Protein chains: 2
Amino acid sequence: ALDRPATIVGGDLPISSILIVIAMQTEALPLVAKFELVEDDDRSIFPKGVPWIRYHGTYKGLHIDLVLPGKDLVLGVDNVGTVSAALVTYASIQALKPDLIINAGTAGGFRAKGACIKDIYLVSGVSFHDRRIPIPVFDLYGIGARSTFSTPNLVKELGLKVGKLSTGDSLDMSPQDEASILANDATVKDMEGAAVVYVADLFSVPAISVKAVTDIADGEKPTAEEFLQNLIAVTAALDRAVTEVVGFISGKSLSGL
Amino acid sequence: ALDRPATIVGGDLPISSILIVIAMQTEALPLVAKFELVEDDDRSIFPKGVPWIRYHGTYKGLHIDLVLPGKDLVLGVDNVGTVSAALVTYASIQALKPDLIINAGTAGGFRAKGACIKDIYLVSGVSFHDRRIPIPVFDLYGIGARSTFSTPNLVKELGLKVGKLSTGDSLDMSPQDEASILANDATVKDMEGAAVVYVADLFSVPAISVKAVTDIADGEKPTAEEFLQNLIAVTAALDRAVTEVVGFISGKSLSGL
């Protein structure tokens with residue numbers, strides 16, 4: 001009952017605008033170049049003071065907005081994690097009213113579920129693995145399982161792997177996280193996806209998530225090391241996949257995905 | 001360096017508007033009654049579709065907005081946790097431009113740091129205990145330590161206990177959470193405070209946090225059971241404390257707190 005599909009309005013009209021939500025600058029910049037997007041400087045859609053960044057442009061007839069939470073104003077690192085992802089997604093939906101949201105990013109993959117480094121997953125459903133609330137019903141709220149928008153034609157055409165995503169605010173994985181991820185039946189884990197889909201769902205905006213595997217969560221290597229080692233190469237694979245996804249969407253309606 | 005105070009604009013002007021952010025209806029309703037606030041029904045400051053709720057009114061010459069993230073639209077439980085708290089705080093700041101934010105709520109307390117059931121804490125600083133990112137600088141970003149707005153006169157006048165707050169999205173506490181909370185030097189733990197203060201800090205809105213202890217995190221009883229057992233009684237103590245805090249603020253400037 002909780003794993004409900006998003007309500008779709010206007011499913012047969014051609015998709016005209018896409019909002020791409022990405023957490024890290026390293027993941028975003030190759031796509032900004034590929035789609036020839038320009039940065040929204042002087043007349044930002046975001047309020048004064050926030051570090052969030054928007055790029056925009058047109059690619060194959062689609063209006064594309066690509067947003068990222070930017071860098072921490074004091075520490076200078078990317079504003080990764082659920083809070084910033086939720087905020088920038090919320091502010092972008094309010095300002096841009098996109099037809100479709102694509103959350104793209106890197107992720108840890110589970111070897112036990114068939115994931116390998118550089119695999120690209122189209123996410124079939126999201127949940128959280130670090131929101132344990134052991135009170136009836138609150139427990140389900142914490143897990144927050146949601147289906148992403150169903151895109152059977154896209155999956156078939158692009159030959160993407162399909163799996164569930166579990167989200168948490170830590171890069172590493174505690175034993176409790178691991179147990180929750182297993183219970184969530186997830187193949188990939190990230191730090192933003194379920195928060196982006198949660199906010200999209202609040203406003204019934206269809207959302208999909210494309211995740212590229214940088215590290216094996218149930219492997220031997222320390223996550224942080226493997227993540228940093230593979231980030232650049234896997235980002236290139238991610239960006240190729242997102243470009244293909246956007247190319248496939250061009251000219252189609254939601255119901256055609 | 002990270003533990004920086006908020007920048008204060010207009011510190012000598014009298015405070016005219018307060019935004020109170022509360023996560024649970026049970027915590028909020030006694031204050032709504034006490035301050036004689038009315039619900040914002042037909043012309044909401046929030047976009048259509050969100051479950052967030054605003055009450056507003058005037059108490060002792062102060063304009064008061066009290067917001068809560070409302071109930072999950074499917075599950076019917078309070079939208080606790082950092083994502084919803086951050087979103088409703090963000091949307092409220094944009095719409096209301098408050099002079100001061102008060103985050104009020106229940107919390108777990110640490111006996112080892114002197115906390116007892118029903119104690120009321122004024123929070124001196126916040127951080128997160130479930131955002132472990134073991135990469136240099138990202139680790140500090142994840143912890144996200146921030147000072148709340150300093151209120152020495154308020155603390156003295158009301159005789160409140162003072163301690164640090166650590167925030168995470170779980171009601172329970174894993175060994176990793178406990179180690180992080182210890183490292184954060186926290187006396188109380190909750191599920192929203194650091195997210196509210198993070199958003200307030202983005203817009204340089206001074207924020208304080210008042211937390212009432214419902215359960216002993218380093219005690220023998222299971223947290224969920226103890227939390228539910230004490231929620232009503234402790235909420236009454238919380239609401240008395242918040243009423244005193246608001247009464248103290250009335251007629252004062254930020255620099256007078």
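Bear in mind these aren't lab numbers, they're just calculated from the coordinates by the rules spelled out. Predicted model only: the values in this text are computed from it and were never measured. Virtual Cβ from ideal backbone geometry, glycine too; neighbours counted across all protein chains shown.
Could you give the radius of gyration (one decimal) and Dmax (whole number) of the Cα atoms in chain A, in Å?
Reported Rg and Dmax, both Å: 17.0, 49.
With a 10 Å Cβ neighbour count serving as the proxy for reagent exposure, in which order, fewest first, do B:VAL210, B:VAL137, A:VAL123 appear?
Numbers: B:VAL210 23, B:VAL137 12, A:VAL123 27.
Fewest-to-most ranking of B:VAL210, B:VAL137, A:VAL123: B:VAL137, B:VAL210, A:VAL123.
Any idea what the B:CYS116 label distances to the other copies are, label 7 Å down the Cα→Cβ vector, nm, shortest first?
From this label point to the equivalent ones elsewhere in the assembly: 6.3 nm.
Put a label point 7 Å from Cα along the Cβ direction on A:GLY49, then list its distances to the equivalent points in the other copies in nm, shortest first.
2.6
For B:ILE232 and B:GLN94, calculate 0.36 nm times their separation in residues minus their Cα-Cα distance, and state this gained length in nm to one decimal. Don't skip to the answer; put the middle values down first.
On the way: separation 138, 0.36 × 138 = 49.68 nm, distance 3.20 nm.
Difference between extended and current length: 46.5 nm.
Applying the Karplus parametrisation 6.51 cos²θ - 1.76 cosθ + 1.60 with θ = phi - 60° to the phi angles of the stretch A:112-119, what ³J(HN,Hα) value in whole Hz is obtained for each residue in order, glycine and proline being reported as x?
Karplus-based 3J(HN,Hα) across the stretch A:112-119 equals 4, 9, x, 7, 10, 3, 6, 4 Hz.
Out of the DSSP beta bridges found with both residues in the protein assembly as shown, what percent are antiparallel (nearest 5)?
In the protein assembly as shown, DSSP labels about 40 percent of beta bridges as antiparallel.
Obtain the radius of gyration and the Kirkwood radius of the stretch A:1-141 from its C-alpha atoms and give Rg over Rh.
Rg divided by Rh gives 0.99.
Let me know the mean shielding of A:164-171 by other chains, meaning the per-residue number of their Cβ atoms within 10 Å of its Cβ. Don't skip to the answer; put the middle values down first.
Values: counts 0, 0, 0, 0, 4, 10, 9, 8.
The mean count of partner-chain Cβ atoms within 10 Å per residue comes to 4.
Of all beta bridges DSSP finds with both residues in the stretch B:17-249, what is the antiparallel percent, to the nearest 5?
35
Go ahead and set up a Gaussian network model of chain A, Cα springs under 10 Å, then flag whichever of A:PRO206, A:PRO136, A:PRO69 fluctuates most.
A:PRO136
State which helices in chain A qualify, where a helix is a whole DSSP H run, it must extend 27 Å or more along its own axis by its Cα atoms, and its mean Kyte-Doolittle hydropathy must be at least -1.0.
On the way: long enough: A:223-249 (35 Å, 0.88).
Long hydrophobic helices here: A:223-249.
How high is the FRET efficiency from A:ASN153 to A:HIS63, r the C-beta distance, R0 22 Å, rounded to 0.05?
Numbers: r = 22 Å, r/R0 = 0.98.
It comes out at approximately 0.55.
Rounded if a/c is under 1.5, else prolate if a/b beats b/c, else oblate: with a ≥ b ≥ c from the C-alpha gyration tensor eigenvalues square-rooted, which is the stretch B:63-189?
On the way: a/c = 1.41, a/b = 1.09, b/c = 1.30.
Verdict is rounded for the stretch B:63-189.
When the Kirkwood radius is taken over all Cα pairs of the protein assembly as shown, what Stokes-Einstein diffusion coefficient follows at 25 °C and 0.890 mPa s, in µm²/s? Don't skip to the answer; put the middle values down first.
Numbers: Rh = 23.1 Å.
Stokes-Einstein gives a translational diffusion coefficient of 106 µm²/s.
Which order results if A:HIS63, B:HIS56 are arranged by neighbouring Cβ count within 10 Å, fewest first?
Ascending Cβ contact count within 10 Å gives the list A:HIS63, B:HIS56.
Please state the shape class of the stretch B:124-257: rounded when a/c is under 1.5, otherwise prolate if a/b exceeds b/c and oblate if not, all from the C-alpha gyration tensor.
Working: a/c = 2.35, a/b = 1.19, b/c = 1.98.
In terms of gyration-tensor shape, oblate.
Within the stretch B:17-249, how many Lys pairs sit with Cα atoms under 12 Å apart, leaving out pairs fewer than 8 places apart on the same chain?
Lysine pairs meeting the criterion: 10.
Using just the helices of chain A, give the 222 nm mean residue ellipticity in deg cm²/dmol: DSSP H runs with n ≥ 4 each add -39,500 (n - 2.57), and the total is spread over all residues, rounded to 500. Don't skip to the end; give the middle numbers.
Working: 7 runs with 84 residues, N = 257.
Result for chain A, helices only: -10000 deg cm²/dmol.
Between A:ALA112 and B:ASP172, how many nm apart are label points set 7 Å from Cα along the C-beta direction?
The answer from the label model is 1.7 nm.
To one decimal in nm, how far is A:LYS221 from the same spot in the other copies, if labels go 7 Å from Cα toward Cβ? Please give the shortest first.
The projected label point of A:LYS221 is separated from its counterparts by 4.8 nm.
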